[in-house]
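First up is the structure itself, then whatever we jot down about it.
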Amino acid sequence: MTTPTTRSVPQPVFTDAEAGAKVFPDSTSRQYNYFKPAKRRQTHYEDVTVEVQPDPRHYLSQGWLYSFADGRGGYPLDWTVLKAWGSDRPEPKRFPGSGGKGYDWPAHGWHEFRDPNEEWELTMYRYNANVVRQLNANIDAARQAKAFAQWNPNWVRFVERNVGAWMHVDHGLGLYLFANANRRGPTNMHNTAIAVNSMHRIRAAQDLALYSLTLTEEIDGFDGAAHLEAWNSDPAWQGVRECAEQLTATDDWAEAIFAANVVFEPLVGELFRSHLVQQAAPRNGDYVTPTVVGAEEYDFAERDLRYTIPLLRLLADDREFAEHNKATMAGWLAAWVPRAIAAARTLQPLWSQPDALPPRFEDGLDAAKSRFGGILADISLDTPKELSA
Amino acid sequence: MSRQSVAKAHQKIQELAWEPMYHSPVSQYGTDYTFRKAAKKDPLKQVLRSYFPMQEEKDHRVYGAEDGAIRGNMFRQVQERWLEWQKLFLSIIPLPEISAARAMPLLFRNVPNPELHNGQAIQMIDEVRHSTIQQNLKRLYMQNYIDPAGFNSSLRNFHNDYCGTIGRQFAEGFITGDAITAASIYLTIVAETAFTNTLFVAMPAEAAANGDYLLPTVFHSVQSDESRHISNGYATLLMALADEENQQLLERDLRYAWWNNHRVVDAAIGTFIEYGTKDRRKDRESYAEMWRRWIYDDYYRSYLVPLEKYGLKIPHDLIEEAWNQIWNKGYVHEVAQFFATGWLANYWRIDPMTDKDFEWFEYKYPGWYDKYGKWWENYNRLSTPNGHHPIVAEDVDYQYPHRCWTCLVPCLVREDMVMDEVDGQWRTYCSEPCHWTDATAFRPVYEGRQTPNMGQLSGHREWETLYHGWNWADVVSDMGYVRDDGKTMVAQPHLNLDPKKMWTLDHLRRMPPVLSPNVLLNEMSDADRQAFHANYIRGGPAGRPAPAQP
């Protein structure tokens, strides 16, 4: 028999500490007041992202407390050569008796960027959870319908090698370009949008890898390791590989984002996904692969490109550095367009591999170029002569 | 696809990694560590196919609870004393979280194990989750709690207030300097593995006891991600241990990271838990008891000590000294007293302690009243404006402390204060380990070994320097700690929201100016400086000036 004991628990207390219970100075000031919203009302997204990453030019009065070995701390603005208005103003000088006031917010134009996707944790998990759920459902349904049995043998080879090879592009860029760049941007809005972009790419890489695993289990003779051979030694893939590697070798974070999302993805990524895989698959009896590849296509076209354009447009239209920024981006185009076009052209043999052929490579490339020109116009940039190569 | 085992799926995604053939990824962060041996496998085996739905489900629970709290009028039962301290805590914590996200790329090129990069990328996005979910919680408090002042200005005020630098180290230490020191040892091995227990488990429990069940809801959800991050750190640590040349750096970094985390986290969280609560049940754990359980037993004895057999040199002396600081030297009480001394340079309200609080402190920390009781009685007496100054400018037997140049918590345990001329400037340190951190560890040469990647301490580290010679009213205006009537201060040394009882800028005009202890120290002659130091270390406890020499 046990002896009942008195449990020790905190007692609820009526405190009446809810909003509106009293009137006093600030009792109705219920909005974050340290930044100006981009539009008339501040958004939920702005509230949870803006100003989390501090800036010595306005509020961070004592400066960065820890630095790299070269004495630089925080998020140096010159980690990209692009400039936003105010970038060249020196950090406010601090000394005994200087006070702590910096420039008025925002202090410089970098703080004006807002991600039109308004990504924060809630949106990111909802979006990506929906994608993986839908992909799982699509693939499960296809398996139950024995859909893979309709694939002709040549298409099986195509998917195991070439659709598989693309996972390496996603993985490499996701980790070593986009995730890497999330340390480099000047504001929390930049770095959060870039971090979300990186997760899209890493997820897409894993989507393709796990799809390959499923196909290995479902299709007799499907070689789940063929993508490695294609990526490592198929000449058709070496142009893409070299370009992807060069993207990850880019030091300037804005150049890396620009080269990946403005140049490489429209001219190589969409060319491969939309103008080859998506076109060829149905003709070869495959209605499943387009749903997997289409998820990534939507990531890029409707989310990643969607933040990239205003990020760059703001700089191309900058009130102080528009010409500098446009000239810099034109230089990047001159460097990266030939690399991307070369990578695209190296892929051309893939167009003749399926039994039922997709539309011509040149037609696909023309469409990709046309789309690319439209993106440049959105950023207020001219189409470079290198595009005609 | 969905029926595949996690192990199989994880094995498959290892095929994604590739060695560059044409161009190497950019290398932007250096380390003095080497990883030439023993690749360690990713212990997480997490794939995004299951990760995203799992996190979404966790979100559903968090946001559902938040809705429930509002509909159930949680704020009718929340203790203001508690919520006021959240103005500081929820200003601090989103920055360390997002900094942890930013820290992950420091590891990519320095830890040559692609398998671990998957775990690091997932940690990156976890940290984005933590930062924004915490900003959102603060927003909810701002919208629904009786006094939004301080929440509404938090990310301006945290960046310039008189103790914000203490919390900012818990972020900046992750993202700069030697990549392994910062993103692995300081962040994952010490901050996350040891101190998130008090941050994200012990403190939310105290929140619940004060009527706030949203802090536990959010932070337990956050803590459920931490085990992944702890695994990342552990795997990297084992890799580092495989190379004998790393032993010296590991010993250095564990000493620095342990001591700095102790100074920073115990200062803040100890104060929140001990001085922010109204729950004075004698059988509820004190911060010291929580620390003994969560950090001494769970971290030190269960996690660190077993690593000794792999050659890791554990800073046993510093762990024992941290406990000594908390238990015998009153570290948390000294810090709380400092926060309250400078209440006017903060952006939250600090409730006076009552007889019931005194009784609890005396029960939990025998001898507390003799040390601190009188000062808190004075704090109470001086809490509403009545022709006197704020307590910092009144004679209450308290000597305003010097800052520690390293951890930025003042030198509150007076006997431990170290003074030294470093980089051509006279600096004070709260303790010998903090002196060592600045003078020895954060240097390009360590014990004769070249450490070119080690970071530096930087910035204008003493807050008072910037306001040396200023009138307090101008200081508070400059920082922006004024309510929307243009004169009432955000901070108050009590919880009474009657405007007649609240301090305004006008009350500060007659105060003597702010004087920077460090500026004054550097203006002294050598003889005066030595005499000052000899006197300072005879002071305390509770900030009492040294007794006159016989």
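What follows is calculated from the coordinates using simple rules that are stated; it is not laboratory data. Not measured: the values here are computed from a predicted model. A quick note on method: Cβ atoms are made from the backbone with ideal geometry, for glycine too, and the neighbour counts reach across all protein chains shown.
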(request) For an R0 of 30 angstrom, estimate the FRET efficiency from the Cβ-Cβ distance between residue B:388 and residue B:484 and round to the nearest 0.05. (result) 0.70
(message) In whole Hz and in residue order, list the ³J(HN,Hα) couplings for the range B:364-376 that follow from phi through the Karplus curve 6.51 cos²θ - 1.76 cosθ + 1.60, θ = phi - 60°; x for Gly and Pro.
(response) 7, 10, x, x, 4, 4, 4, 7, 10, x, 4, 5, 5
(request) Would you grab the residues whose amide H sits under 5 Å from the one on residue B:145? Only those 5+ places off in sequence or on another chain, please, with H modelled 1.01 Å from N. (result) A:19
(request) Please arrange B:293, A:184, A:30 by counting, for each residue, the other beta carbons lying within 10 Å of its beta carbon, fewest first. (result) B:293, A:30, A:184
(message) Just want the ordering: B:458, A:29, B:224, from fewest to most Cβ atoms lying within 10 Å of their own Cβ.
(response) B:224, A:29, B:458
(request) In whole angstrom, note down how far apart the Cα centers of the range A:12-88 and the range B:337-410 are. (result) 29 Å
(request) Apply the Karplus parameterisation 6.51 cos²θ - 1.76 cosθ + 1.60, with θ equal to phi minus 60°, to every residue of the range B:235-247 and state each ³J(HN,Hα) to the nearest whole Hz, in sequence, with x for glycine and proline. (result) 5, 5, 4, 5, 4, 5, 5, 5, 10, 4, 5, 7, 4
(message) Less than 17 Å from a label point 7 Å out along the Cα-to-Cβ axis of residue B:54: which backbone N atoms in the range B:128-147 qualify, by residue?
(response) B:128-130
(message) Between helix B:164-175 and chain B, what is the angle of the helix's C-alpha long axis to the longest principal axis, kept within 0 to 90° and rounded to the nearest 10?
(response) 10 degrees
(message) Going by amide H atoms built from the backbone, whose H comes under 5 Å of the H on residue A:66, apart from near neighbours?
(response) B:458
(message) I want to make sure I understand the PRE zone here: with the label point 7 angstrom from the Cα of residue A:320 toward its beta carbon, which residues in the range A:66-100 have backbone N atoms less than 18 Å away?
(response) A:75-94
(request) Mind giving me the FRET efficiency for residue A:154 and residue A:335? R0 is 41 Å, r the Cβ-Cβ distance, nearest 0.05 is fine. (result) 0.65
(message) Between 0 and 90 degrees, rounded to the nearest ten: what's the tilt of helix A:235-248 against the longest Cα principal axis of chain A?
(response) 10 degrees
(request) Sticking with the crude label model, points 7 Å out along Cα→Cβ, report the distance from residue B:245 to residue A:98 in nm, one decimal please. (result) 4.0 nm
(request) Work out how much length residue B:421 to residue B:447 would gain on full extension: take 0.36 nm times their residue separation and subtract the Cα-Cα distance, in nm to one decimal. (result) 7.4 nm
(message) Please compute the length gained on full extension between residue B:227 and residue B:496, using 0.36 nm multiplied by the number of residues separating them and subtracting their Cα-Cα distance.
(response) 92.7 nm
(request) Could you let me know the centre-to-centre spacing of the range B:439-461 and the range B:287-323, using Cα atoms, in angstrom? (result) 26 Å
(message) Give me B:465, B:132, A:216, B:198 sorted ascending by neighbouring Cβ count inside 10 Å, so fewest comes first.
(response) A:216, B:465, B:198, B:132
(request) Describe numerically, in nm with one decimal, the distance between label points set 7 Å from Cα along Cα→Cβ at residue A:21 and at residue B:281. (result) 2.2 nm
(request) Determine the calculated [θ] at 222 nm for chain A from helices alone, applying -39500 (n - 2.57) to every DSSP H run no shorter than 4 residues and normalising by the residue count; nearest 500 deg cm²/dmol. (result) -14500 deg cm²/dmol
(request) Would you mind checking which residues have amide H under 5 Å from residue B:422's amide H? H placed 1.01 Å from N; only 5 or more apart, or other chain. (result) B:427
(message) Just to verify a number: FRET efficiency for residue A:8 and residue B:73, C-beta to C-beta distance, R0 = 30 Å, to 0.05?
(response) 0.70
(request) For helix A:305-316, report the angle its Cα long axis makes with the longest principal axis of the Cα atoms of chain A; keep it between 0 and 90° and round to the nearest 10°. (result) 60 degrees
(message) I want to verify a result. In a Gaussian network model of chain A, Cα cutoff 10 Å, which of these has the top mean-square fluctuation: A:77, A:175, A:60?
(response) A:60
(request) Evaluate the distance, in nm, between pseudo-label points positioned 7 Å from the Cα of residue B:510 and of residue A:355 along their respective Cα→Cβ axes. (result) 9.7 nm
(message) Restricting to DSSP H runs of at least four residues, report the calculated mean residue ellipticity at 222 nm for chain B, -39500 (n - 2.57) per run over all residues, nearest 500 deg cm²/dmol.
(response) -13500 deg cm²/dmol
(message) Please compute the length gained on full extension between residue B:395 and residue B:6, using 0.36 nm multiplied by the number of residues separating them and subtracting their Cα-Cα distance.
(response) 133.5 nm
